[in-house]
1. Go through the range 58-100 and give me each residue that's open to solvent by less than 50 Å² (accessible area, probe 1.4 Å), outside any strand (DSSP E or B), of a type in the set (A, V, I, L, M) and within 16 Å of Gly19 (Cβ to Cβ).
2. Take the range 89-113 and flag every residue that is among the acidic types (Asp, Glu) and farther than 14 Å from Phe44 by Cα.
3. Taking the conditions exactly as written (in contact with a Leu (Cβ under 7 Å, 6 or more places away or on another chain) and either at pLDDT 95 or above or closer than 19 Å to Phe102 by Cβ (or both)), does Ala62 satisfy them or not?
4. Restricted to the range 117-132, and to residues that are more than 20 Å from Leu81 (Cβ to Cβ) and open to solvent by 50 Å² or more (accessible area, probe 1.4 Å), which residue is modelled with the highest pLDDT?
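The values are calculated or read from the model by the stated rules, or taken from the named source; none is laboratory data. Every value quoted in this text rests on a predicted model; they were computed, and no experiment measured them. As a convention, Cβ positions derive from the backbone with ideal geometry for all residues, glycine included, and neighbour counts pool all protein chains shown. Ligands, DNA and RNA are excluded from the accessible area calculation, which covers all protein heavy atoms including side chains. Shrake-Rupley method; radii C 1.70, N 1.55, O 1.52, S 1.80 Å.
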Amino acid sequence: MDELTKATFWKRLSEIRAGMLIPDGADPRPMAHAARPKDKALWFLADKDSDVAHGARTKAAARHVVSSPDGALYATIDGQLSVEDNRDKLDDIWTPMATAWFEGGRDDDRLCIVAFRPERAEIWATKDKSDTLYQFAQANRTARPGEIGQHAVLTF
């Protein structure tokens, strides 16, 4: 695999639908995100009374921890939260699943659009699931550690 790059990070992050968001001073919360590389941000829809929205209103530091089901990316992402009042962005990130949380849909009074802008990410990445399984098999066959992915720290 080529050296890990920000482009690889954003591409793989875009394929992951959720992670554990941890605003500074709050407990981890499972949150669906919308990765938007052009914005250099992950976007969340939160209840305006939640600790996530409170953290965003105070521009708190936060951590988002993700892992892809295929093992292509594991990441701990540190950055800053903020509240965004942008109807175009809401239309961009809205999904039918959001209706389960916001009865009033896009016009729900409880809805808060939260941006998370990464500043640093520690990532572990593999080529793909089949290569990872092959490397595990090789390691067992030779009794030596395999080349199971890469590790990098990115700054934004």
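1. Of everything in the range 58-100, those that are open to solvent by less than 50 Å² (accessible area, probe 1.4 Å), outside any strand (DSSP E or B), of a type in the set (A, V, I, L, M) and within 16 Å of Gly19 (Cβ to Cβ) turn out to be Ala72, Ile93.
2. Glu103, Asp107, Asp108, Asp109
3. The answer is yes for Ala62.
4. Trp124
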